[in-house]
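First comes the structure, then the notes that go with it.
The values are calculated or read from the model by the stated rules, or taken from the named source; none is laboratory data. Just so it is clear, the model here is predicted, and its values are computed rather than measured. Positions of Cβ are generated from backbone atoms using ideal geometry, with glycine treated the same way; all protein chains shown enter the neighbour counts. Surface accessibility is based on the protein's heavy atoms, side chains included, excluding ligands, DNA and RNA. Shrake-Rupley method; radii C 1.70, N 1.55, O 1.52, S 1.80 Å.
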Amino acid sequence: MRFSTRVGSMQASPVRKLVPFATAAKKQGVKVYHLNIGQPDIKTPEGFMKAVKAFDEKVLAYADSVGSEELVQAMIDYYKGYDMTFEKGEILITNGGSEALLFALMTLCSAGENVVIPEPFYTNYNGFATSVDVSIRPITTKAENGFHLPSKEEVLKSIDDKTRAIILSNPGNPTGAVYTVEEMHMLAEVAIEKDLWIVSDEVYREFTYDGLKYTSFGNIKEVEDRVIIVDSVSKRYSACGARIGSLASKNKEFIAQVLKLCQGRLCVPTLEMVGAAELYKTPKSYLEEVNKEYCKRRDTLYDALMEIPGVICKKPTGAFYMQVKLPVENAEDFVIYMLNEFRHNGATTMATPAENFYATPGLGRDEVRLAYILNCDDLKAAAECMKLGLEAYKAAGNK
């Protein structure tokens, strides 16, 4: 039987494709320290569960394709706290940030066109783009300067007459980079000059450290008609399983076009929106405490990694990821080795190989992304496993 070239050209998720190796290790009684996926262990605010339990409708009916009125209003109120003014007709609720990104690509790009994205980038950008016959033209960033953007001249080199949008996550996944206001205004200038959209993935908005002040592309007035903000409750409120995301834009024509796709998939789950509406009413004190906790975890893991010979890593300033260069030739082989063969005190570590976070062939082959979503004791133990695992991997004759 034959399958489409579209799905055949899609990559398997580097975040999830090695899960069978971890599952096999666990069946052997091995404790696996999961640094491979952004699944926080932070407690979800109680408001979500209480709202769902209190739901007392006699029929679990379809919701509006736009999203529930209560949730949309809760998001409008939330954005006001970041000096962004949205109104009804400018926000669509989606099945997670993933659907928001996919719908944005489907709406902005025709087959054969492209988007520019700073690399390394969230690997699913590549999967979503490929699935709608859109290619990625990368803007390469480097650890040496904290994965910040190159000059405007370099950015312009990645753009051609088929480029439709600039896509980026800020703070960055997998790099943890937080773009400066100057960098953002530079991209805004490029978008205006080249008539491009800006798709700003801001799901880690609350996670900036070291006194950095967060600025959204939604705060740049000059480009508000071409900015699309992708958002989600998954990481902000430790509610990954809720699968509630959104698209927000002052460009009502864009919203109207995406609504066709929303109508095609009918609606987002009603009960999840009931809970999510309460999440957006969570006191800021919750987010402040979570920020402090992640900052502590970042420092714990970073300090431990710096004790491992040959490891290169720039301390991130946002999100909860680190892009780490290992003293190996093939990081994926090392990750599989850790899961299949290495054990320390009955445990091992799982990381995400980073090659597929790049569009440029050859880059990232010796890198992994680590998510510091475990408690500090587990992070120290995971780093120790990695240190000893690297020693054993080399001793076994691996490069």
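Before moving on, here are some points about what is shown:
- Those helices (runs of 4 or more DSSP H) of region 14-133 in which 3 or more residues are within 29 Å of residue 221 (Cα to Cα) and either open to solvent by 50 Å² or more (accessible area, probe 1.4 Å) or of a type outside the set (Lys, Arg) (or both) occupy 69-80, 96-108, 124-131.
- Pairs, first assigned by the TED database to the domain that holds residue 67 and modelled with pLDDT under 95 in region 95-112, second of a type in the set (Phe, Trp, Tyr) and open to solvent by 30 Å² or more (accessible area, probe 1.4 Å), C-beta under 9 Å, six or more apart: none
- Every residue from region 280-322 that is closer than 11 Å to residue 209 by Cβ and open to solvent by less than 20 Å² (accessible area, probe 1.4 Å): 294, 297, 298, 316, 318, 319, 320
- Qualifying residue in region 360-372 (condition: on the phi > 0 side of the Ramachandran plot, surrounded by 15 or more Cβ atoms within 10 Å (Cβ to Cβ), part of a loop (DSSP other than H, G, I, E, B) and of a type in the set (Gly, Ala, Ser)): yes
- Taking (1) within 22 Å of the chain's Cα centre (by Cα); (2) modelled with pLDDT of 95 or more in turn, residue 361 satisfies each apart from (2).
- The single residue among 139, 166 that is free of Cβ contacts under 8 Å to residues at least 24 places away in the same chain, crowded, with 21+ Cβ neighbours inside 10 Å, touching a strand residue (DSSP E or B) at 6+ places or on another chain (Cβ under 9 Å) and assigned by the TED database to the domain that holds residue 238 turns out to be 139.
- Residue match in region 151-163 (condition: of a type outside the set (Asp, Glu), surrounded by fewer than 21 Cβ atoms within 10 Å (Cβ to Cβ) and part of a strand (DSSP E or B)): yes
- Candidate set from region 377-388 (those that are closer than 14 Å to residue 31 by Cβ and of a type in the set (Gly, Ala, Ser)); member that is surrounded by the most Cβ atoms within 10 Å (Cβ to Cβ): 382
- Residue in region 176-197 that is assigned by the TED database to the domain that holds residue 107, touching a residue at least 60 places away in the same chain (Cβ under 8 Å) and not in a loop (DSSP other than H, G, I, E, B) present: yes
- Residue count for region 221-250 satisfying the condition of being touching a residue at least 60 places away in the same chain (Cβ under 8 Å) and surrounded by fewer than 20 Cβ atoms within 10 Å (Cβ to Cβ): 2.
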